[in-house]
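Here's the structure, in structure tokens; my notes come after.
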Amino acid sequence: MELAYQLAWLIPLYPLLAATIVGLGLVFFKEGMARQRVFAAGLSIGLIGVALLHSLVIAAGAFVAHLKPFTWTAVWAQAGTFTLSMGYVVDNLAALMLVIVTSVAFLVMIYSHGYMDHDPSYVRFFAYLSLFSSSMLGLVISPNLVQVYIFWELVGMCSYLLIGFWFYKKGAADACQKAFVVNRVGDFGLLLGILGLFAITQSFEFNTIAEVLRERLTAGEIFGGALTVTILSILVFLGPMSKSAQFPLHVWLPDAMEGPTPISALIHAATMVAAGVFLTARMFPVFVGSPETMGFIAWIGGITAVVGATIALTQMDIKKGLAYSTMSQLGYMILAMGLGAYGAGLFHLMTHAFFKAMLFLGSGSVIHSMEGAVPAKYAQDMRAMGGLRKFMPITSATFFIGCLAISGIPPLSGFWSKDEILAAAYLAGVEGNTSAILLYLMAAATAFMTAFYMFRMYFMTFEGEFRGNKPEVLAGMDQADAQGMPIFAYPQGASFGPGAMHTAELDHGQDGHDDHGHGGHDFHEPHESTWAMTLPLVVLAVPSVLIGFVGLPWANLFEESIHPPEEFVAHGEHVFELNEFLLVAGVSTALSVIGIALAYYLYRLNPGLPAQLAAKVQPLYQFSLRKWYMDDLYEVLFVQGSRTVAKAALTNDQKVVDGVVNASGFATIFAGEGLKYLESGRAQFYTLIVFSSVVVLVWLLGLL
């Protein structure tokens, strides 16, 4: 096991090797390599499988054999007294993340073999997947902030490539640009924070930064004192805010669903968005030294959880509903970090990675089936679904398990991890933190909304009758979308709402073709997906049910294994109290059950009622449907605002700058054209000019 620690640097190299071989093949032998589908998939899946096995050995060493953390560094750059080292670190946090990333990536690649089977760019997709996996794994084992930042940007580049994989679609092209721009905002803050912390501590090492900050702050040697530390810490946190889609830098995540569904599962459920939580955990020793920063982090997490949940209530695109759910759950994790519940945040990161990856892959299975049953533009719209359980028993069963897990129903994994976060907020409130009381109420309300919108999604997708073969339903959807109506109705008096998709969001393919190259004309009934797609769902269902038992509050093995350095722990060890557990767990479970019951009543027993309710509360409904108007606000402030500034700059350049240059040129030409008539070549004329000039000069001197 110690040898596995020492060879941990190989883990990012395994998928990098696959990406390099496949990528170079596409560069130099494009047509030939594009036909080598089995080779590209086999190489990518095989090498990420090797990385998974290596990661499992490291995890066994960390959590079973309790090996000490291992760090290896070498001088990468040196100038005078400044030395920059690069290397790798293997500790319990890295071991956990290695297993999460490699396991989910391995299953997603198997799934992609079936999902992307008809895509002409199948080989390129696997090259991108391998490159992303390598970048994320490199980020996980980075020992300092500089190396983290390098891999942080590589992860962002891969995200850009994967979100825009179908670059010929306007929606995908716009989405990858939006993700790139929004993440640059957070990354710029991260870079400023890194440089500011280095200016004070002369180090990029995580624990060294924390120790030096604490010492210099105590000695009063930092200009601005605690305020400076708070500002720099928040600047660093801007990076996780953008990567983990925290309010208000969350707007890129739902649009990123324009990428292939396996990307939604890999990047936007288990890995890339988790990178922000991971960096927050790495920087926890720094953040915990600033109470103001911890409060800021907690409130950002709480607000994000509520915003994501309230928007998910009205989504009809199944992938965008899951995207806002991801945003909300990431808010839970950040909330836990801000409250000092380091272990609780990482515990939910682990459980969420498995059940949310399963939910995204399940949605992809549904979409894959729907694309042959309805016109392509309806493939992701839950209004055209229904009754899929009898066509897709494996997909529906695993999706149901995922809904139970994310809703916090015991004894599934999500119950244990979410309950820890709620307990942390409740305990902080009991201990006198008044803001924590409000944060607890926000988190509890989010738990209720989560159960409601997830089972709304399940009931509309898998229960009832299949609606995609009803012309009146599809016609009603078109009419509602064309008129911007929030609801639609069709004969038999059944109506579904709230949640009409905005007309601008109906970019699901080109010329009637779906994302997999099907013509979209010969429709058939939905069907279960191939084994390559259903096997990962079944495998992911196992940890979604069982993995929570490693974090039982009365025997929390996870907390014992995952912890920050003891001197930086925000709160002392909390002793398990049964009454407290029953109170918090009972309230959260009751709220989840009520949410599920309400979804069942509205979308199974009385499906016409949601439309009536939406009509009565139109302002609130539109507020949720239009995503709190954040996109509209950013369109006015930043998109239109930047265009206005650009037009003003263009006008200034054309009229003022160019005007001055053009005027000087014109004056020169005019002067030259006028003076050439004075160059006659006659001496008498030149004498006359000299004499006239002398007379004028004498006259002027006389006036003075």
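The values are calculated or read from the model by the stated rules, or taken from the named source; none is laboratory data. Source: prediction; values computed, not measured. Positions of Cβ are backbone-derived with ideal geometry, glycine not excepted, and every protein chain shown enters the neighbour counts. Accessible surface areas use protein heavy atoms only, side chains included; no ligands, DNA or RNA. Shrake-Rupley method; radii C 1.70, N 1.55, O 1.52, S 1.80 Å.
Per-structure values
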quantity	calculated
Distant alpha-carbon pairs in segment 569-691 (separation over 18 angstrom), percent	81 percent
Relative contact order computed over segment 89-205 (Cα-Cα under 8 Å; 6+ residues apart), in percent	22 percent
Between segment 69-102 and segment 670-704, the Cα center-to-center distance that results, in Å	80 Å
Cα long-axis angle, helix 10-28 against the chain (0 to 90 degrees, to the nearest 10)	60 degrees
Sparse-neighbourhood loop sites, chymotrypsin sites (Phe, Trp or Tyr not before Pro) in segment 117-225 - DSSP loop, at most 12 other Cβ within 10 angstrom	F167, Y168, F223
Å² of accessible area per residue within the chain, as computed with a 1.4 Å probe and no ligands counted	41 Å²
Cα long-axis angle, helix 206-218 against the chain (0 to 90 degrees, to the nearest 10)	70 degrees
Angle between the chain longest axis and helix 145-163 axis [Cα atoms, degrees, rounded to 10]	80 degrees
Segment 220-261: C-alpha gyration tensor shape, a/c 1.5 cut-off, then a/b vs b/c	prolate
Prolate/oblate/rounded label for segment 309-375 (Cα gyration tensor, a/c 1.5)	oblate
Segment 123-199, dipole about Cα centre (Lys/Arg Cβ +1, Asp/Glu Cβ -1), debye to the nearest 20	280 debye
Between segment 171-210 and segment 251-286, the alpha-carbon center distance in angstrom	15 Å
Longest exposed-site-free window of the chain, the sites being trypsin sites (Lys or Arg not before Pro) in a DSSP loop that have at most 16 other C-beta atoms within 10 Å	36-389
Most positive-pole-ward Cα, G46, S135, L67, against dipole of segment 1-155 from beta carbon charges	G46
GluC sites (Glu not before Pro) within segment 630-704, DSSP loop, no more than 10 other Cβ atoms inside 10 Å	E679
Principal axis box of segment 51-138, alpha-carbon based, largest edge first, Å	56, 39, 14
Relative contact order of segment 22-87, defined on C-alpha pairs under 8 angstrom at six or more residues apart (%)	15 percent
Dmax and Rg, reported as Rg then Dmax, of segment 122-219 (C-alpha, Å)	17.3, 59
Relative contact order (%) - criterion: Cα under 8 Å, at least six apart; region: the chain	13 percent
Length gained when the stretch Y686-F670 is fully extended (0.36 nm per residue, less Cα-Cα span)	3.6 nm
